[in-house]
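Notes to accompany the following structure.
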Amino acid sequence: MLNFIQMVADFLATTTTPDITNGLVAIGAGIAALSGMGNALGEGRVCATTIEAMMRSPEQAPQLRSTMILSVALVETTGIYALLIAILSIFFLGN
């Protein structure tokens, strides 16, 4: 184990900084892009709950539908912000 740590330390000492920076930027952009999974789950839950509420009280369906559309739009903006952060980090922080 100590030999492995020494090998990693030697590699990092001989590697130029831009190589490491580009790798870290790529990892950060990937993590930011993964927030789309949480987005999809949130939108699915909003829609499923709204459909369930529409089945319980069909007379309120138009009000529920408009509220659902607004909620999905608000949830979607977080995914768009995460994608924007991922793209900007690649173009401005990466070399």
**Message:** Among 33, 74, 53, which residue has its Cα furthest toward the positive end of the charge dipole of the chain, with +1 on Lys/Arg Cβ and -1 on Asp/Glu Cβ?
**Reply:** 53
**Message:** Quick one: the Cα spread of the chain along its three principal axes, in angstroms, biggest first?
**Reply:** 70, 33, 8
**Efficiency of FRET from Cβ geometry, residue 7 and residue 53, R₀ 41 Å, rounded to 0.05** = 0.10
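Just so you know, all these numbers are worked out from the coordinates, no wet-lab data involved. Since the structure is predicted, the reported quantities are computational estimates derived from the model, not experimental observations. Every residue, glycine as well, gets a Cβ built from its backbone with ideal geometry; the counts of neighbours run over all protein chains shown.
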